[in-house]
Amino acid sequence: MKPAINRLARAGGLLRHGALIVTAAFALAPFVWMISLSLKPTSEIFQPEFHLWPQTFHGFENYRVALTTAPMHRFLLNGLLVCAAIFLLQMLVCVPCAYALAKLRFRGRDTLFSAVLIGLLIPPQALAIPHFVMLHLFGLLDSYAALILPWAISTLGIFLMRQFFRTVPDELIDAARLDGLGEFEIIWRIMLPTAVPALAAFGIFSVVAHWNDLFWPLIAVRSEELSTPALGILLFRDDEAGQFVGPLMAAAVIVAAPLVLAFLFAQRRFIDGISFTANT
Amino acid sequence: MTAHPHSIRDVPASDLDRRRFENRVAWLTTAPAIALLALLLFGPVLAVAMFSLTDWQIGASSLRYLGFDNFRSLFADRVFWKALSNTALYVAIVVPGTVALGLVVALLIEARPALRGLYRAAHFLPVMSTMAAMAIVWGTILHPTIGLVNRLLAAFGISGVNWLRDEHTVLSALAAIGIWQGFGFAMVLFVAGLKSIPQSLYDAAAIDGADGILDRLQTVTMPMLGPVTMFVLILTAKRAFEVFDTVRVLTQGGPNFASDVLLHRLYTESFDFMRTGYGAALTVVYLAIVMLLTLAQARLLDRRAHYT
């Protein structure tokens, strides 16, 4: 009896690996394909037989074209700058508000919290027209401000931080007050350090969302030198050099790489961060 | 009690003082958020509703009140209905595909400990990736002659079509990309759900004689995953409903509007054609549908109710 069960268990394990390899191949194929093409000359990409590894290595040439004909480094820096500025602003605005909602009793608190909950329901794309009009009125279209300012408030950020702050014991705050700390000192020096996990989760969510966003940058900016990575790769494709598959795939690798690498280095944090924010 | 030298104010003594104190602090801490909520969120929603009743165009100095004319012409527009039905069809393909695939992968990953972390990371990678870049990659994968898909089909003697230029295949091709991007996310949520099922339930089921894999699935796993499944369904539907990047990058809604979707329509009318009033009417419709979906989520899951 025993060997039969063992054999069955081993067969089950193999079946599991077999099935998961197929689905993982589906998930990973575009990445492998992208890297493979980014290393090939055009002639090889168009030839009838396919080799995963290039027969003539053309990688340096493709990446050189991608990096020199479009300001790829500029797109990445813009992405970094915009994501950092958005997250910083969101933190500055959300954290004090979340503290008040979680720990203070004041008139209008329930109304404000209801407003935050309703705000969670509003899809950001629905605000594009008025945001565009407002930026137009202030002459701010096609600037970094246009990419950053509409995202200064995040109801998700307020909500997440508020939920977390509620778990911080009141005694901690009372003790800090007795020690003579002002309310803003309490927020930034006592509350914030306790909320690092929630903050990291929200930060990852925010950065991933804005690094990958195409909809809003497409509306807000026209200049190439202001483009974020997602918009930059489109400009590159519609440019002359982007007509060649090799350099285009090299550009795609460059745009996709930062988040993919960050993810590979901190998988747990990314997976927890994104599923944690989704669970609210 | 002496205050610390850094102290801004002494700790208030009486209850009334304390309430005043908290009120004042609350105003200081919430003022920026309240101002920005009004300026960037609720004001704009009202503005969209107002724009939708006018013929205003961005930059124009005058506008006329039209009543519901924009909505009337929207509902008479064949392209709008095409985009709406395409969106519905896209959601109808992506949601079951994503949820089923995510569930199966989650069950397989959690069935045994071997290589769990590796499989989870591999399946999650598309969720993180920049869709604009990956859509361009998918464009080459679906290319009629050099694409991976048609090369694979050719190996089996099947001649593939031009997936993204064929009216009959374009929406399914985009839906496949949608499933590719989302199923790892569904998987992660299902894994979390699976982990929260207490072992004692499986033990109890085993005592009752349900100890085969299928028995366990049927008597314990699936019923316990009910709420998570509902949640993943609605979340996936919301994300599918917001499809834009792949359409914009790969098809621009073509050929012959076969892949036009609501959000792409909204973008084109509002920012390519600069028909602000009409675009605003479209936005109102879009907003209404998304909010209904989210409210359905809140109702079905009864999550938000616990927070207030």
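The values are calculated or read from the model by the stated rules, or taken from the named source; none is laboratory data. Note that the coordinates shown come from a computational prediction; the quantities given were computed from them, not determined experimentally. Every residue, glycine among them, receives a Cβ derived from its backbone with ideal geometry; neighbour counts consider all protein chains shown.
See the values below:
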| item | result |
| --- | --- |
| Filter pass, B:Arg24 being modelled with pLDDT of 80 or more, within 12 Å of chain A (Cβ to nearest Cβ) and either more than 28 Å from A:Val133 (Cα to Cα) or exposed (fewer than 15 other Cβ atoms within 10 Å of the Cβ) (or both) | yes |
| Residue within the stretch A:231-238 that is of a type in the set (Lys, Arg) and more than 30 Å from B:Arg18 (Cα to Cα) present | yes |
| Filter pass, B:Ala237 being under 14 Å from B:Ala100 (Cα atoms) and out of contact with any strand residue (DSSP E or B) (no Cβ under 9 Å at 6 or more places or on another chain) | yes |
| Qualifying positions in the stretch B:103-136 - closer than 22 Å to A:Leu80 by Cβ and free of Cβ contacts under 8 Å to residues at least 24 places away in the same chain | B:Met128, B:Thr130, B:Ala133 |
| Residues located in the stretch A:40-50, provided they are over 16 Å from B:Ile141 (Cβ atoms) and either of a type in the set (Gly, Ala, Ser) or in a loop (DSSP other than H, G, I, E, B) (or both) | A:Pro41, A:Ser43, A:Gln47, A:Pro48, A:Glu49 |
| Extreme residue, surrounded by the most Cβ atoms within 10 Å (Cβ to Cβ), among residues of the stretch A:228-241 that are over 20 Å from the mean Cα position of the chain (by Cα) and in contact (Cβ under 8 Å) with a residue 60 or more places away in the chain | A:Phe236 |
| Residue in the stretch B:244-259 that is among the aliphatic types (A, V, I, L, M) and more than 28 Å from A:Trp216 (Cβ to Cβ) present | no |
| Single condition B:Met187 does not satisfy, out of (1) in contact with a Gly (Cβ under 6 Å, 6 or more places away or on another chain); (2) more than 10 Å from chain A (Cβ to nearest Cβ) | (2) |
| Residue in the stretch B:142-163 that is under 25 Å from the mean Cα position of the chain (by Cα), β-branched (Val, Ile, Thr) and within 7 Å of chain A (Cβ to nearest Cβ) present | no |
| Test: residue in the stretch B:276-288 that is in a helix (DSSP H, G or I), loosely packed, with under 15 Cβ neighbours inside 10 Å and facing another protein chain (nearest Cβ under 10 Å) | yes |
| Matching option when the condition is in a helix (DSSP H, G or I), touching a Pro at 6+ places or on another chain (Cβ under 7 Å) and surrounded by fewer than 20 Cβ atoms within 10 Å (Cβ to Cβ), among A:Glu185, A:Glu225, A:Glu171 | A:Glu225 |
| Residues of the stretch B:153-184 satisfying the condition of being in a loop (DSSP other than H, G, I, E, B), surrounded by 20 or more Cβ atoms within 10 Å (Cβ to Cβ) and in contact (Cβ under 8 Å) with a residue 24 or more places away in the chain | B:Leu164 |
| Count of the stretch B:235-274 residues which are closer than 18 Å to A:Asp213 by Cα and in a loop (DSSP other than H, G, I, E, B) | 5 |
| Of residues in the stretch A:26-36 being more than 9 Å from chain B (Cβ to nearest Cβ) and aliphatic (A, V, I, L, M), the one surrounded by the most Cβ atoms within 10 Å (Cβ to Cβ) | A:Ile35 |
| Candidate set from the stretch B:111-123 (those that are modelled with pLDDT under 90 and closer than 21 Å to B:Arg216 by Cβ); member that is surrounded by the fewest Cβ atoms within 10 Å (Cβ to Cβ) | B:Pro113 |
| Odd one out for B:Ser61 among (1) among the hydroxyl-bearing types (Ser, Thr, Tyr); (2) away from chain A (no Cβ under 14 Å); (3) surrounded by fewer than 16 Cβ atoms within 10 Å (Cβ to Cβ) | (2) |
| The stretch A:147-163, residues that are more than 10 Å from chain B (Cβ to nearest Cβ) and modelled with pLDDT under 95 | A:Leu156, A:Leu160, A:Met161 |
| Subset tally (residues that are in a helix (DSSP H, G or I) and of a type in the set (Ser, Thr, Tyr)) for the stretch A:103-143 | 2 |
| Filter pass, A:Val253 being among the β-branched types (Val, Ile, Thr), facing chain B (nearest Cβ under 7 Å), farther than 24 Å from B:Gln252 by Cβ and assigned to a helix (DSSP H, G or I) | no |
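Here's the yes/no breakdown for (1) of a type in the set (Gly, Ala, Ser); (2) more than 7 Å from every other protein chain (Cβ to nearest Cβ):
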site	(1), (2)
A:Phe205	no, yes
A:Leu214	no, no
A:Ile233	no, no
A:Ala241	yes, yes
A:Ala262	yes, yes
